Structures are given as C-alpha cells and as structure tokens.
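The values are calculated or read from the model by the stated rules, or taken from the named source; none is laboratory data. Quick caveat, the model's predicted, so the values are computed rather than measured. Neighbour counts are summed over all protein chains in view; Cβ atoms, including those assigned to glycine, are modelled from backbone coordinates with ideal geometry. Please note that ligands, DNA and RNA were not included when accessible areas were found on the heavy atoms of the full protein model with its side chains. Shrake-Rupley method; radii C 1.70, N 1.55, O 1.52, S 1.80 Å.
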Amino acid sequence: MRQYLAALKFSFKEQLSNRFAFGLLLVFVPLWYWVLGMITPSDAVAFRFRPTGAMLQANGHNLVLITAGLNVLSMILGFMFFHSAHRSLDFDRRLTRAGLDRFGFMMAKASALAVTTGLIALYTTAVLIGFWHHPHSLVELWLGFWMLSLIYASIGLLLGLLVNNELVGFFIVIMVSMMDTFLQNPIGNPAANKAFLSYLPSYSSMQLSVAGGFTDRFAGSQLLLGLAWFAGILLVALSVFYLRTQRKSSVLQTPEGATHRPSAPAANQA
Amino acid sequence: MALLQASDIQKHYRHNHVLRGVNFSVEPGTLVGVVGENGSGKSTLLKILAGELQASAGRVTVSGSVGYCPQQPVVNESLTIREHLDYFATAYGLADTSYGEHLIDELHYRKFLHERAGNLSGGTRQKLNLTLALMRQPAVLLLDEPYQGFDWETYLHFWDVVEEEKRSGKAVVVISHLIFEQKKFDHILHLKDGQIKEDRA
C-alpha cells in the first residue's frame, strides 16, 4: 500500500509538471471552441443517434462545439501521456529493479490517468458552458469528454512505451486523433452517419456527448462501449509496461547468495 | 567467498560478438576496475552483471543485493532530489533516507535538495544517479563511469565514498577510462576483443 501511494503521488506530480500541456489546454480549448463556433451557423444538422437509431436534428453550432472539445482533448491528452510514458520509461524500469511492485505501480499509473483525465474533461466541459449555455445534461456531456480522454490518454501511454522516436509518436497521436474525430463530425464529413464509424475509438464518446447535449436520454450502452475501448487499450499498454520493465535475467536473492543465469536455456543450447 | 562471480559470460548481437567468455570474481572489501577501449564491451558486461541485459550464455552469481549506477543518469526530471530519495526508499523498502542524505552530504549537493532534477547541472544529476544506486547499501556495487561531469573536488569525494564502501566489506566494480586512477584498484580487468586479456593485482 505504501508503494502504491508513493507511486500514485509521484505519477500525479509527473503529469502536473507538464506545463506545456496545461498551457495548451488553457489556450487552445477556449480558442478552438471560439473559432469553430464562430464559423459554424446554427442550422439544423442530421446526426444519427445510435441509442434510438433515429436521425437527430441537432443545432450545427452546438454540435461542432462537441467535436471541437473531443478533438482538442484527444490531441492534448494523447500528447501528454505519450510524453510522460516516453520520458519516464528508463526511470520506471529503475524503480521496479529497485523493488517497486510492478502491479501496484501499474495500478497507480492507471489511477493517476483516470483522475487527471477526469479533471481535464471537467475543465473542458466548464469552458464549453461559455459558448453553449443550456446543454441538456452537463454530467453526460462531461462523461462523453472523459471517456474520450481516457481512451486517448491510454493510446498516448501505449505509444510512449512502444515508439522510441518522440517526433514519430507525436505525429501518430495527431494523425489518429484528426482522422478519428474529424470523421465523426457530420458538418465536416458528409459520410459521418455511416455505420463503419462505430468501429472508431471516439464514436461512443461522440454519441454520449450528443446524448448529453441534445437529449434527455442517458446513453448507457455508449458509456459501456467507451469503457470497453478504454479498458482494452489500457490493458495492452500496461501489458507492454509490464514486459518492458521486466528483468532480463532471473535473479534469486538470498542472504547467503543469489544466482542469476543471464542466458536463457535455449540460448545456451544454441 | 566471492560476492560476485562471473562465469563464461558471452554476448552477441547477430554476428557481432561483444563478449566472448568473461570470467572473474570479486571478494568482499575489494575494488575492481574494468578498463578497455571504447566498444570493448565494458558497459555491456556491467549491465549483464546488474541483470539489466540478458547474456547469450554464461552465469552470474551474486551474494546479496546489487547496486547499479548506469553511465547516463536515470532520474525523473519532474521530481526533486528529496522526492527521488523518498521514492527510492519506498522501492527499496528502507525505513528512512538517512544513508541517502549522508551520501548527499558526502558529495556536497544538499543545497539542491528541493530542486527538480530537470533544473540540475549534469554533474549534480550524476551525483543523484550515484546516490540512488548506493542508498540501499548493497553488497555489490557496479559503477559505470560514475563520475562523468564531476568537478575535481567532487571527483575526490567520490573516491572517498568508494573507499568507505570498500572498507565496509562491499565488492565494488568500477568502469574506468583514466590511467592515473588505476592505482586505486585492488584488481584491474583489461577487456579486449570481448575477453579479459589481463587481470592485474
């Protein structure tokens, strides 16, 4: 428990020290809402609402604010968690070598990710109120933003553990985010109501946010779908973390003596 | 009885044979230097001894715990020196950070205790890197050119710390490039062509 709490505390500290990401949030969240809101008229736009199967006639200005929020969250959180995972991998490995329990460490990282994304999604929802005064359910809108934040933070974490080149990682985050969130937007993409979009990571978040913005219906199935995306990607990311912090040889430490065979038996035979 | 024993350590990457059967042992209270040209496999050998890298063949026997100080500082830029000590004390399962703080005093960098590692000079980061390896007081110390970036005074303090560790019965292995410091070692292992060519007492 002591190790979990220490890892949780320092994981938070690590995220909060990313001043550049917080600067981006402070500047670009309101800016993106303002720019996209300003250029998009309030004309009704048809949006396929999956929980009922019906076509919603949504206010185009308000709909584009949702896609703006999702777009900016996916990029900044993807970048933020990619950056921290990429930079701290060697340090995390050193900590696990020192004896930090890997399972507790992973739980601490997941907890820090969940809380950080929840707070950032809350901030993004709060700023949205300045541009859209009366969405139906702010809680559901926040849940949609949070789901997307969880998914993209996990994608960032996974890429940070897999991709060695920082620039390559940033480009992957940006390209995936752009393609995913742009395709969900019926104003920018005339084919936004096609069924294949339901296989993209931000689909459930978009549906949940639209439910919160325009209807009184709680889209529980979309919440579960979003959670499944998050859980799946996080599980892969944590598995990669587990493997990448694994000792390269089996070490048995006893007061009398420890023997580690640095070579695998198969390698010896070869 | 040796605290560290390396038997027939081999390492190859495809057709590049970095280590071709390295054998040596280190007794308690002994300081061993590993020397050799660039690319001779010194850091690879130390990583294998520390369990950081898997060898292609061979066996390492260690009595007790190992402290490994990598060549490049492995620290977290967003945490302060104080937080590093607390984090590693928790990981090592230490009751307090008193020995880590003793090392900070020995290496003279207490004034940076509440500075984030990202704001430290290269030399101070290296001091922190060394402190993290030594603070649990392991039986075997593996130090890969641990004084890079040290000024002369700190360099001398470093050897005082190593002497202290040696006197307390630890087995210390240091990778060295500097000829003038070779008289400090009890044994010098000269690594060449992936093998120990010379074992001088």
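Values computed for the structure shown
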{"read-out": "Helix-only mean residue ellipticity at 222 nm for chain A, each DSSP H run of n ≥ 4 adding -39500 (n - 2.57), per residue, nearest 500", "value": "-24000 deg cm²/dmol"}
{"read-out": "Under 17 Å from the Cα of B:K184 - lysines, other chains or at least 8 residues apart", "value": "B:K166, B:K170"}
{"read-out": "Amide hydrogen neighbours beyond the local backbone of B:L79, cut-off 5 Å, H modeled", "value": "B:A117, B:G118"}
{"read-out": "In the B-A interface, the accessible area buried, summed over both sides, Å² (probe 1.4 Å)", "value": "3300 Å²"}
{"read-out": "Volume per residue of the C-alpha convex hull in the protein assembly as shown, rounded to whole Å³", "value": "163 Å³"}
{"read-out": "Distant-in-sequence amide H partners of B:G21 (H built 1.01 Å from N, under 5 Å)", "value": "B:I9, B:Q10, B:K11"}
{"read-out": "Per-selection metrics, chain B (Cα): Rg and Dmax in Å", "value": "16.7, 49"}
{"read-out": "Cβ neighbours within 10 Å from other chains - mean over A:87-94", "value": "5"}
{"read-out": "Carbon + sulfur, % of accessible area of the stretch A:1-136 - ligands and nucleic acids excluded, 1.4 Å", "value": "68 percent"}
{"read-out": "Vicinal HN-Hα couplings computed from phi for the stretch B:63-80 (Karplus, 6.51 cos²θ - 1.76 cosθ + 1.60; Hz; Gly/Pro x)", "value": "9, x, 8, 10, x, 10, 10, x, 4, 8, x, 10, 9, 9, 5, 8, 9, 7"}
{"read-out": "Sequence-separation-based contact order of chain B, relative, with Cα cut under 8 Å and 6+ spacing, percent", "value": "33 percent"}
{"read-out": "Average accessible surface area per residue within chain B, 1.4 Å rolling probe, Å²", "value": "41 Å²"}
{"read-out": "Relative contact order computed over the stretch A:100-182 (Cα-Cα under 8 Å; 6+ residues apart), in percent", "value": "28 percent"}
{"read-out": "Inverse of mean 1/r across different Cα pairs in the stretch A:114-199, Kirkwood, Å", "value": "14.7 Å"}
{"read-out": "5 angstrom amide H check on B:L141, placed H, neighbours 5+ away", "value": "B:G67, B:A171, B:V172, B:V173"}
{"read-out": "Angle in degrees between helix B:81-92 and the longest Cα principal axis of chain B, rounded to the nearest 10", "value": "50 degrees"}
{"read-out": "All aspartates and glutamates inside 18 Å of B:K47 as judged from Cα atoms, apart from same-chain residues fewer than 8 positions distant", "value": "A:D90, A:D92, B:D8, B:E37, B:D144, B:E145, B:D193"}
{"read-out": "Cα-based convex hull, the stretch A:44-179, per residue volume (Å³, whole number)", "value": "123 Å³"}
{"read-out": "Two-site label geometry, B:Q182 and B:D105: point separation in nm, points 7 Å out along Cα→Cβ", "value": "3.7 nm"}
{"read-out": "In degrees, nearest ten, helix A:102-129 long axis to first principal axis of chain A (Cα)", "value": "20 degrees"}
{"read-out": "Whole-percent carbon and sulfur share, accessible surface of chain B, 1.4 Å", "value": "46 percent"}
{"read-out": "Solvent-accessible heavy-atom area per residue, rounded to whole Å², over the stretch A:2-269 at 1.4 Å", "value": "44 Å²"}
{"read-out": "Note, ³J(HN,Hα) from phi for the stretch B:159-171, Karplus 6.51, -1.76, 1.60, rounded to Hz, x at Gly and Pro", "value": "5, 4, 5, 5, 4, 4, 5, 5, 4, 7, x, 7, 9"}
{"read-out": "Relative contact order of chain A, pairs being alpha-carbon contacts under 8 Å that are 6 or more residues apart, as %", "value": "24 percent"}
{"read-out": "Point-to-point label distance, B:R14-B:W159, nm (Cα→Cβ direction, 7 Å offset)", "value": "4.3 nm"}
{"read-out": "Per residue, the convex hull volume that the Cα atoms of chain A enclose (Å³)", "value": "149 Å³"}
{"read-out": "Distance between the stretch B:81-96 and the stretch B:128-196 - C-alpha centres, whole angstrom", "value": "23 Å"}
{"read-out": "Members of the stretch B:51-67 that become less accessible by 30 Å² or more once partner protein chains are added (1.4 angstrom probe, chain alone as reference)", "value": "B:G51, B:E52, B:Q54, B:S56, B:G58, B:R59, B:V60, B:V62, B:G64"}
